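What follows is a single structure, written as structure tokens, with notes after it.
The values are calculated or read from the model by the stated rules, or taken from the named source; none is laboratory data. The model shown is predicted, which means the values in this text are computed figures rather than measured ones. Cβ atoms come from the backbone with ideal geometry, glycine included; neighbour counts cover every protein chain shown.
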2 protein chains.
Amino acid sequence: MARTTDPVELFDAARAGDRGALARLLSYIERGGELARRVGRLAYPLSGDAYTVGLTGAPGAGKSTLTSATIGHLRGLDLEVAVLAIDPSSPFTGGAILGDRVRMQDHATDPGVFIRSMATRGHLGGLALATPEAIRLLDAVGRHWVLVETVGVGQVEVEVAGKADTTVVVVNPGWGDSVQANKAGLMEIADVFVINKADRKGVDETRRDLEQMLELSDLPHDAWRPPIVATVASTGDGVPEVWDAVLAHREHAEQSGVLAERRSFRAGEELREIVTNRLRERAREICTGDRWDELTEAVVAQTTDPWTAADEMLGDIA
Amino acid sequence: MARTTDPVELFDAARAGDRGALARLLSYIERGGELARRVGRLAYPLSGDAYTVGLTGAPGAGKSTLTSATIGHLRGLDLEVAVLAIDPSSPFTGGAILGDRVRMQDHATDPGVFIRSMATRGHLGGLALATPEAIRLLDAVGRHWVLVETVGVGQVEVEVAGKADTTVVVVNPGWGDSVQANKAGLMEIADVFVINKADRKGVDETRRDLEQMLELSDLPHDAWRPPIVATVASTGDGVPEVWDAVLAHREHAEQSGVLAERRSFRAGEELREIVTNRLRERAREICTGDRWDELTEAVVAQTTDPWTAADEMLGDIA
């Protein structure tokens with residue numbers, strides 16, 4: 001691996017196939033700030049060819065196993081693939097949830113596969129900013145199939161998952177019994193449903209449950225209707241059918257203009273996120289210093305209310 | 001119930017015991033914006049007496065059952081109690097996860113108990129802003145014990161849970177086997193651990209697991225060491241002991257100055273959140289109009305990169 005820390009040299013090395021250089025650039029993106037922006041500006045003009053497939057679902061649904069099986073299928077078709085496994089970090093320790101990732105290590109030595117766990121510490125805007133940048137970087141270095149795996153539990157995670165070109169939602173037989181999963185959110189973002197662990201009982205009920213929810217969701221007559229594919233990801237059963245469903249959705253999305261619309265919407269969202277983040281950085285600059293400490297103490301002592309204090313700190317800005 | 005929509009009249013009615021008026025004011029807070037700020041300014045000077053107890057844990061750990069049993073215990077002590085059940089909304093539909101809340105309906109007709117589910121639609125700052133405002137309102141109308149129940153899955157939820165005066169983390173026997181729970185985050189915020197469903201096997205192992213994690217977390221010599229209480233919330237076993245542990249933590253926190261520090265930190269956090277939110281509103285104003293649409297299209301067409309576009313929109317602000 002190139003021993004440089006310079007983004008331009010690393011970018012050239014990554015384009016020439018240096019995986020260590022690519023990994024380091026992704027770390028820059030993860031960390032955010034000026035260095036991330038420099039990587040972004042390098043990758044941007046060379047991106048635009050990647051197709052992203054999101055895989056999401058409740059913890060334990062078998063997303064990582066399905067991702068791993070999908071990698072195997074794509075390698076069989078002689079396609080190169082990159083995987084971004086999005087780890088929501090603890091706000092306190094930055095510790096990533098990595099348990100399942102070991103299942104992907106089967107592919108660790110295959111040069112046609114690049115797997116990366118992404119975690120961002122600190123502010124909530126992190127993943128929303130870092131994920132599209134990481135995808136553009138992978139795109140720019142020639143990885144045109146990018147699988148994005150996220151845990152579909154929280155609002156941020158579902159938002160990130162819903163930003164793929166095609167989103168696969170993984171459920172299990174019997175998920176209808178669980179009131180805890182973020183069902184409504186997952187229904188909205190699904191382009192393909194996978195009922196994984198279909199060797200267990202309850203597949204037909206789950207299929208009916210999903211179909212009923214699709215009926216209720218009142219899709220327009222000419223809209224894409226998410227197909228429902230049963231799989232046993234651990235044996236590979238149904239995995240080619242999942243990929244066929246992804247390709248069918250891609251074709252529909254390209255021809256109907258949905259893909260262009262979705263990408264345009266996404267670009268707007270990202271731009272808004274960049275603007276918001278810049279304002280957040282500005283807020284961090286504002287919320288500091290002696291006057292800030294005085295106002296905080298005044299709020300605690302109930303001599304000033306928080307809105308009046310905020311007004312004073314913001315001054316002319318907002 | 002008062003048929004007015006005026007916040008001042010509703011506030012007076014709520015202070016006189018009108019639950020419908022209180023519910024309406026909480027809706028104003030949930031929705032955010034100018035009306036929420038007016039309610040906030042009314043409640044602020046009359047608040048400062050409430051003590052908040054957070055209850056959090058993984059889905060299915062039995063938080064709602066424990067909350068319900070705790071309400072019963074407090075009513076037995078002739079204390080009035082309010083419960084805020086925080087529902088992270090779907091970003092797409094605003095649909096709240098309400099399944100478990102039915103368990104609390106036992107107390108629905110008791111005038112000494114006020115239970116409210118809170119959900120905020122849209123932006124992520126919502127819960128962080130609305131929760132302290134809702135607590136101040138409950139405080140101002142005379143509810144001085146406030147239980148805040150959240151699902152401890154995502155980053156936002158854990159952050160909200162960690163902002164209580166005393167935070168109770170609910171786990172189950174065998175949670176040590178699960179790699180999916182946000183353990184590190186939950187460890188950081190726990191003032192009291194509850195091993196609920198302690199009629200199942202594995203209680204001793206779970207206790208050892210928690211004790212080991214507490215050892216590793218390297219607490220200062222004189223710091224509070226979270227007690228570990230075993231409960232069967234569905235029968236009420238152990239519930240008085242949980243409450244005793246909460247009171248013991250409260251006493252420690254008051255006498256050691258930890259409570260004052262925590263509240264001061266929280267005030268700073270809230271002030272920062274208000275500032276950030278005002279900047280976010282400003283960003284929404286910026287991110288609109290013809291020039292915004294043009295720049296978004298230019299980003300999609302790859303004739304401008306997103307950072308350059310953001311610079312142009314922000315101008316002198318940031």
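Considering only region B:298-308, how many residues are part of a helix (DSSP H, G or I) and facing chain A (nearest Cβ under 7 Å)? Quick ask: steps written out before the conclusion?
Filtering region B:298-308 for residues part of a helix (DSSP H, G or I) gives B:298-300, B:306-308.
Add one more test, that the residue is facing chain A (nearest Cβ under 7 Å), and what stays is B:299-300, B:306-307.
Adding up the residues that qualify gives 4.
Which of (1) over 18 Å from B:A164 (Cβ atoms); (2) in contact with a strand residue (DSSP E or B) (Cβ under 8 Å, 6 or more places away or on another chain) does B:D209 not meet, given it meets every other one?
Checking B:D209 against (1) over 18 Å from B:A164 (Cβ atoms); (2) in contact with a strand residue (DSSP E or B) (Cβ under 8 Å, 6 or more places away or on another chain), the one that fails is (2).
Go through B:G32, B:G40 for me and flag whichever is closer than 13 Å to B:V141 by Cα, modelled with pLDDT under 95 and either out of contact with any Cys (no Cβ under 6 Å at 6 or more places or on another chain) or among the small types (G, A, S) (or both). Spell out how you get there, then give the answer.
Details: B:G32 fails: closer than 13 Å to B:V141 by Cα.
Unique residue meeting the criteria: B:G40.
If a residue has to be at pLDDT below 70, surrounded by 14 or more Cβ atoms within 10 Å (Cβ to Cβ) and over 14 Å from the mean Cα position of the chain (by Cα) to count, how many in region B:107-126 make the cut?
2
Which of the residues that make up region A:1-34 are acidic (D, E) and either within 21 Å of A:V113 (Cα to Cα) or within 13 Å of chain B (Cβ to nearest Cβ) (or both)?
Residues of region A:1-34 that are acidic (D, E), as a first pass: A:6, A:9, A:12, A:18, A:30, A:34.
Correct list: A:D12, A:D18, A:E30, A:E34.
Restricting region B:227-243 to residues that are assigned to a helix (DSSP H, G or I) and not acidic (D, E), which is farthest from the chain's Cα centre (by Cα)?
Among them, the one singled out is B:P240.
Is there any pair with a first residue in region A:268-295 that is aromatic (F, W, Y) and a second that is assigned to a helix (DSSP H, G or I) and surrounded by 18 or more Cβ atoms within 10 Å (Cβ to Cβ) whose Cβ atoms are under 7 Å apart and which are 6 or more apart or on different chains, and what are they?
A:W292/A:M313
Which residue out of B:R31, B:R15, B:R37 is outside the structural domain of B:V83 (by TED's automatic domain parsing) and under 18 Å from the mean Cα position of the chain (by Cα)?
Working: B:R15 fails: under 18 Å from the mean Cα position of the chain (by Cα); B:R37 fails: under 18 Å from the mean Cα position of the chain (by Cα).
Every option except B:R31 fails the conditions.
For A:V246, work out the one condition from (1) of a type in the set (V, I, T); (2) part of a helix (DSSP H, G or I); (3) free of Cβ contacts under 8 Å to residues at least 12 places away in the same chain it doesn't fulfil.
It fails just one condition, (3).
Out of (1) surrounded by 13 or more Cβ atoms within 10 Å (Cβ to Cβ); (2) more than 30 Å from A:F265 (Cβ to Cβ); (3) within 22 Å of the chain's Cα centre (by Cα), the odd one out for B:E261 is which?
Tallying (1) surrounded by 13 or more Cβ atoms within 10 Å (Cβ to Cβ); (2) more than 30 Å from A:F265 (Cβ to Cβ); (3) within 22 Å of the chain's Cα centre (by Cα), B:E261 fails exactly one: (1).
Pairs under 7 Å by beta carbon, first residue facing chain B (nearest Cβ under 8 Å) and at negative phi in region A:35-50, partner outside any helix (DSSP H, G or I) and of a type outside the set (G, A, S), six or more apart or different chains?
As it stands, the answer is A:R41/B:D305; A:Y44/B:D305; A:P45/B:Q302, since those pairs meet every condition given.
Determine whether B:D12 is modelled with pLDDT of 90 or more, surrounded by fewer than 22 Cβ atoms within 10 Å (Cβ to Cβ) and in a loop (DSSP other than H, G, I, E, B). If you could, list the steps in order and put the result at the bottom.
Values: modelled with pLDDT of 90 or more: yes; surrounded by fewer than 22 Cβ atoms within 10 Å (Cβ to Cβ): yes; in a loop (DSSP other than H, G, I, E, B): no.
No: the conditions fail for B:D12.
Go through the residues of region A:296-304 one by one and say whether even a single one is within 27 Å of the chain's Cα centre (by Cα), surrounded by fewer than 19 Cβ atoms within 10 Å (Cβ to Cβ), farther than 18 Å from B:E273 by Cβ and free of Cβ contacts under 8 Å to residues at least 12 places away in the same chain.
The initial filter retains those residues of region A:296-304 that are within 27 Å of the chain's Cα centre (by Cα), namely none.
No: region A:296-304 contains no residue that is within 27 Å of the chain's Cα centre (by Cα), surrounded by fewer than 19 Cβ atoms within 10 Å (Cβ to Cβ), farther than 18 Å from B:E273 by Cβ and free of Cβ contacts under 8 Å to residues at least 12 places away in the same chain.
I'd like the full set of residues that are out of contact with any His (no Cβ under 7 Å at 6 or more places or on another chain) and crowded, with 16+ Cβ neighbours inside 10 Å, limited to region B:242-257.
Kept after step one, since they are out of contact with any His (no Cβ under 7 Å at 6 or more places or on another chain), are these residues of region B:242-257: B:242, B:244-257.
Residues satisfying the conditions are B:V242, B:A245, B:V246, B:H249, B:R250, B:H252, B:A253.
B:R284: touching a Cys at 6+ places or on another chain (Cβ under 6 Å) and in a helix (DSSP H, G or I), yes or no? Quick ask: steps written out before the conclusion?
Working: touching a Cys at 6+ places or on another chain (Cβ under 6 Å): no; in a helix (DSSP H, G or I): yes.
Against the criterion (touching a Cys at 6+ places or on another chain (Cβ under 6 Å) and in a helix (DSSP H, G or I)), B:R284 does not qualify.
If you check A:L147 against the conditions, is it under 26 Å from A:Y44 (Cα atoms), assigned to a strand (DSSP E or B) and either modelled with pLDDT of 70 or more or among the basic types (K, R) (or both)?
Values: under 26 Å from A:Y44 (Cα atoms): yes; assigned to a strand (DSSP E or B): yes; either modelled with pLDDT of 70 or more or among the basic types (K, R) (or both): yes.
Judged against the criteria, A:L147 is a match.
In contact with a strand residue (DSSP E or B) (Cβ under 9 Å, 6 or more places away or on another chain), over 26 Å from A:G33 (Cβ atoms), more than 7 Å from every other protein chain (Cβ to nearest Cβ) and acidic (D, E): does that describe A:D311?
Numbers: in contact with a strand residue (DSSP E or B) (Cβ under 9 Å, 6 or more places away or on another chain): no; over 26 Å from A:G33 (Cβ atoms): yes; more than 7 Å from every other protein chain (Cβ to nearest Cβ): yes; acidic (D, E): yes.
In short, no.
Quick check, is A:L22 at pLDDT 90 or above, assigned by TED's automatic domain parsing to the domain that holds A:A260, in contact with a strand residue (DSSP E or B) (Cβ under 9 Å, 6 or more places away or on another chain) and of a type in the set (A, V, I, L, M)?
Details: at pLDDT 90 or above: yes; assigned by TED's automatic domain parsing to the domain that holds A:A260: no; in contact with a strand residue (DSSP E or B) (Cβ under 9 Å, 6 or more places away or on another chain): yes; of a type in the set (A, V, I, L, M): yes.
No; evaluated as a whole, the condition is false for this residue.
Please specify each residue of region A:43-54 satisfying the condition of being surrounded by fewer than 21 Cβ atoms within 10 Å (Cβ to Cβ) and in a helix (DSSP H, G or I).
Hits for region A:43-54 are A:P45, A:L46.
If a residue must be more than 8 Å from chain B (Cβ to nearest Cβ) and not in a helix (DSSP H, G or I), how many such residues does region A:287-297 contain?
Number of matching residues: 2.
What is the number of the single condition among (1) modelled with pLDDT of 90 or more; (2) touching a Leu at 6+ places or on another chain (Cβ under 7 Å) that A:D87 does not meet?
In the conditions (1) modelled with pLDDT of 90 or more; (2) touching a Leu at 6+ places or on another chain (Cβ under 7 Å), A:D87 misses (1) alone.
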